[in-house]
Amino acid sequence: MKIKEGAFEETVRKIETLEHRLYKHPLHNDLKLEETYELCEKKNNLAIRCRDTKQELRDARTVLQLDELKSRKRVLRRLGYCNNADVIETKGRVACEISTGQELALAELIFNGSFNDLDPAVIAAVLSCFVFEEGVKDAPELTKESLKGPYRQVQEVARRIAQVENECKLETNVEEYVGKFKWELMEVTHAWASGAKFHDICKMTPVFEGSIIRVMRRLEELIRQMINAAKAIGNNDLENKFSDASLAIKRDIVFAASLYL
């Protein structure tokens, strides 16, 4: 054809190179080439089906999450955290101040007045239920009467929330949800907030010392959030009680910058 254009000649050279590679490929003269090609095609089709199925699964999950979102909004409306127009109410603003523990249960306890008549040490003990998550074997039973009543209120609030969630089509195991609020460090926390020494409270529980320190630090963070929640509703008395509870636990080795000091 006597075409001298550089781009054309480059294209011809590429074609020759590819043909050379094609002829040298082990499958070029393979007697099972057609069978291999069919297997490759099946693999490609399966990959396409897998991709499509994954997309369908993602779409289904989106629908499920949308249904769950609707159910959670129904829960918030039933409990009074927002109105029918999904506008956040006062309870909702209070719950927004809390992120360390179960914010719905804590907001319910605040609006039920459960903390109003408790002293700071008992408040700290009750709030420990919301930050302690470990399972404890052979833990001593809760014996202080001053702690049993508040703990029963926590359980009642938790049971009510779980029941409302079930009624709003959020599958929740009531007893399992109530069991998340663990009492095992209530007496330990009460003793610490009342001025006990660290080595004394360690003898009260089989929980490791490091776990106790972590719980106390998380508890102090939760109490700070509770102070903000009390501010949100303008309850100065409750704010002062939470502040006193924070001061009661924030001391000694538990809040030392280094345990080697």
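Given Cβ point charges of +1 (Lys, Arg) and -1 (Asp, Glu) and nothing else, what value in debye, to the nearest 20, does the dipole of segment 5-48 about its Cα centre take? Numbers along the way, then the final one.
Working: 7 positive and 10 negative charges, 50 e Å.
I would put it at about 240 debye.
For each pair in K73/K241; K91/K148; K73/K180; K148/K180; K144/K182, compute the distance between the two Cα atoms and list the pairs where it is over 20 Å.
K73/K241; K91/K148; K73/K180
Which is the longest stretch in the chain that no exposed loop site breaks, taking sites as chymotrypsin sites (Phe, Trp or Tyr not before Pro) with a DSSP loop state and at most 12 other Cβ atoms within 10 Å?
Segment 1-207 is the longest.
Going 7 Å from the Cα of Q163 toward and past its Cβ, which residues in segment 64-91 have a backbone nitrogen under 17 Å from where you end up?
75-76, 78-80
Specify, per residue and in Å³, the volume enclosed by the convex hull of the alpha carbon atoms belonging to the chain. Before the final figure, lay out each step's value.
On the way: hull volume 86.3 nm³, N = 261.
About 331 Å³ per residue, rounded to a whole number.
Using a Förster distance of 25 angstrom, determine the FRET efficiency expected from the C-beta separation of L18 and A47, and round it to 0.05. Walk me through the intermediate numbers first.
Working: r = 25 Å, r/R0 = 0.99.
Using R0 = 25 Å, I get an efficiency of 0.50.
Leaving out ligands, DNA and RNA, what percent of the accessible area of the chain is carbon and sulfur, probe 1.4 Å?
52 percent
Taking every pair of Cα atoms in segment 1-74, average 1/r, invert it to obtain the Kirkwood radius, and report Rg/Rh to two decimals.
Working: Rg = 25.2 Å, Rh = 17.7 Å.
With Rg and the Kirkwood Rh in hand, the quotient comes to 1.43.
Which one of T205, T143, V131 has its Cα pushed farthest toward the positive end of the charge dipole of the chain, where Lys and Arg give +1 and Asp and Glu give -1 at the Cβ?
V131
Quick one: putting +1 on the C-beta of Lys and Arg, -1 on the C-beta of Asp and Glu, what dipole do you get for the chain around its Cα centre, in Debye to the nearest 20? Please report the intermediate quantities before stating the final value.
Numbers: 41 positive and 43 negative charges, 99 e Å.
For the chain, the charge dipole is close to 480 debye.
Show which lysines lie in cross-link reach of K14 when reach means a straight Cα distance below 23 angstrom and same-chain residues fewer than eight apart are skipped.
In chain and number order, the partners are K2, K4, K24.
Expressed as a whole number of Å, what is the distance separating the alpha-carbon centroids of segment 102-150 and segment 195-236?
11 Å
In debye, nearest 20, what is the charge dipole magnitude of segment 135-239 about its Cα centre with +1 on Lys and Arg Cβ and -1 on Asp and Glu Cβ, if you could check?
The dipole of segment 135-239 has a size of about 200 debye.
Could you tell me the largest-minus-smallest coordinate of the C-alpha atoms of segment 120-261 on each of the three principal axes, in descending order and whole angstroms?
Result, largest extent first: 53, 42, 29 Å.
Principal axes first, then extents: for the Cα atoms of segment 94-150, list largest minus smallest coordinate on each axis, whole Å, largest first.
Reported extents, whole Å, longest axis first: 36, 25, 15.
Write down the accessible area per residue of the chain in Å², having rolled a 1.4 Å probe over the full set of protein chains. Write down the numbers at each step before the final one.
Numbers: 16860 Å² over 261 residues.
Value for the chain: 65 Å² per residue.
Dividing the convex hull volume of the Cα atoms of segment 214-256 by its residue count, what figure in Å³ per residue is obtained? Provide the component values of the computation, followed by the final result.
Working: hull volume 2.1 nm³, N = 43.
Spread over its residues, the Cα hull of segment 214-256 gives 48 Å³ apiece.
Rounded to a whole number of µm²/s, how large is the Stokes-Einstein D of segment 58-191 at 37 °C and 0.692 mPa s, given Rh as the Kirkwood radius over C-alpha pairs? Spell out each step's value before the answer.
Working: Rh = 16.2 Å.
D = 203 µm²/s.
Could you pull out every one of the aspartates and glutamates with an alpha carbon less than 18 Å from that of K32, ignoring same-chain neighbours closer than 8 positions?
Straight-line reach from K32, under 18 Å: E41.
Using a 1.4 angstrom probe with every protein chain in place, what is the largest-first accessible-area order of T189, T17?
On the way: T189 0, T17 80 Å².
Result, largest first: T17, T189.
Restricting to DSSP loop positions (anything but H, G, I, E, B) with no more than 15 other Cβ atoms inside 10 Å of their own Cβ, which GluC sites (Glu not before Pro) remain in segment 155-242?
Details: sites: E156, E165, E167, E171, E175, E176, E184, E187, E209, E220, E221, E239; in loops: E171, E184.
Here the sparse-neighbourhood loop sites are E171.
Would you work out which of N29, V94, N112 lies farthest towards the positive end of the dipole of the chain, given +1 charges on the beta-carbon of Lys and Arg and -1 on that of Asp and Glu, about the Cα centre?
N29
Filter the trypsin sites (Lys or Arg not before Pro) in segment 193-261 to those in DSSP coil with at most 13 other Cβ atoms within 10 Å of their Cβ, and list the result. It would help to have the intermediate numbers written out before the result.
Details: sites: K197, K203, R214, R217, R218, R224, K231, K241, K250, R251; in loops: K197, K203, K250, R251.
When the trypsin sites (Lys or Arg not before Pro) of segment 193-261 are filtered for loop state and at most 13 Cβ neighbours within 10 Å, K197, K203 remain.
The values are calculated or read from the model by the stated rules, or taken from the named source; none is laboratory data. Since we're looking at a predicted model, the values are computed, not measured. Using ideal geometry, Cβ is built from the backbone for each residue, glycine included, and neighbour counts are taken over all protein chains shown. Note: accessible area is taken over every heavy atom of the protein model, side chains too, but ligands, DNA and RNA are not part of it. Shrake-Rupley method; radii C 1.70, N 1.55, O 1.52, S 1.80 Å.
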